[in-house]
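A quick write-up on the structure given underneath.
The values are calculated or read from the model by the stated rules, or taken from the named source; none is laboratory data. Worth saying up front: this structure is predicted, and the values here are computed from it rather than measured. Neighbour counts run over all protein chains shown; Cβ positions are idealised from the backbone, glycine included.
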Amino acid sequence: MIIEEIAAKTLLSRVNYEAWFGADYTMNLYRGCCHGCIYCDSRSECYHVEDFDRVRVKSNAVRMLRRELSAKRTTGIIGLGAMSDSYNPFEQTLQTTRAALQEIAAAGFGISLDTKSALVKRDLDLFQRIRDHHSAIVKLTITTADDALSRLIEPHVCPSSERFAALRALADAGIFCGVLITPVLPFITDTEENIREIIRKTANAGGKFVFSMFGVTLRTNQRQYFFDQLDTRIPGMSVHYQHVFGNDYYCPSPHHQRLKTLVQKECRAAGLLWRMPDIIRGYRTTENAQLSLF
Ligand code: SF4
């Protein structure tokens, strides 16, 4: 596989993500993503990523990260995976994400990482190092417990069963990990059976939490791509979306209230966290324990 290289001008962006797993910075080592999720928000016009499915690597990213980290007066949590999956198929040989994690570990920063790829298992050793020096949380996004449906709506990444197996590996290695059920697609994945099954499998795999938002956002470009894909994969569904939501930005599941109650009930019974502040407190336990030593 040949991948185009581009140069990054800057890498770390300061964010106020206390509301999103407590990240202080966000960064993307790649531009674009080839996992093909039909609902992907990152292909929206507002992000200006032309030819989104073509992955480009920021060839100077690791060097730049080292420089930017050393210039920070205090450490913090770095979010990975917001606009592009850090474990795309090119990462297997390029190892850009792995090299960046080594820099993060060496500089004593923490991570909050999102992915859909089972390749994440490769870097368990680095997650452990980062956890021991600061804090680490790894989130597997799983929108459906059904492999056939995940292949339909997330065609170029491993099916859900492999993501649960990756979660098991992370949990066995003592990494604070869990599942993001985002988005929940109205009329497609918003059934009680699906949500209940994801929670059950997360608990069985040793995950610590489930976090969900009960709808999907649709913006310019993203909406058209989603509807075009629905037309070939689930005929008739895009017409139904247009009838119910028109051009709305946020398209909530009609069952969102019921699903929210279900998540609380099922997570409580399974011993999983589901509230953001509790999840943040949970994965920062190591960091707090380290700080208390001083
Ligand atoms: S893995 Fe994430 S960034 Fe990549 S296509 Fe899917 S939703 Fe988009």
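Numerical summary
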| read-out | value |
| --- | --- |
| Those strands (runs of 3 or more DSSP E) lying entirely in segment 7-66 with at least 1 residues at pLDDT below 95, away from the ligand (no atom under 16 Å from the Cβ) and among the polar types (S, T, N, Q) | 13-17 |
| Test for L149: is it aliphatic (A, V, I, L, M), crowded, with 23+ Cβ neighbours inside 10 Å and on the phi < 0 side of the Ramachandran plot | no |
| Selection from segment 50-76 of residues that are more than 20 Å from Y25 (Cα to Cα) and among the hydrophobic types (A, V, I, L, M, F, W, C) | F52, V55 |
| Tally, over segment 132-170, of residues that are among the basic types (K, R) and more than 19 Å from F211 (Cβ to Cβ) | 1 |
| Only one of L262, L180, L218, L185 that is of a type in the set (A, V, I, L, M), surrounded by fewer than 22 Cβ atoms within 10 Å (Cβ to Cβ) and out of contact with any Leu (no Cβ under 9 Å at 6 or more places or on another chain) | L262 |
| Test for I111: is it in contact with a helix residue (DSSP H, G or I) (Cβ under 7 Å, 6 or more places away or on another chain) and in a strand (DSSP E or B) | yes |
| Residue count for segment 265-283, restricted to those that are part of a helix (DSSP H, G or I) and closer than 24 Å to A23 by Cα | 9 |
| Set T189, T143, T97: member being under 17 Å from D85 (Cβ atoms), in a loop (DSSP other than H, G, I, E, B) and among the hydroxyl-bearing types (S, T, Y) | T143 |
| First in segment 31-42 and more than 18 Å from Y249 (Cβ to Cβ) and free of Cβ contacts under 8 Å to residues at least 60 places away in the same chain, second anywhere and more than 6 Å from the ligand (Cβ to nearest atom) and among the β-branched types (V, I, T), Cβ under 7 Å, 6 or more apart | R31/I6; R31/V49; G32/V49; G32/V55; C33/V55 |
| Whichever residue in segment 114-135 is assigned to a helix (DSSP H, G or I) and more than 30 Å from D147 (Cα to Cα) and, among such residues, is nearest to the ligand (Cβ to nearest atom) | I130 |
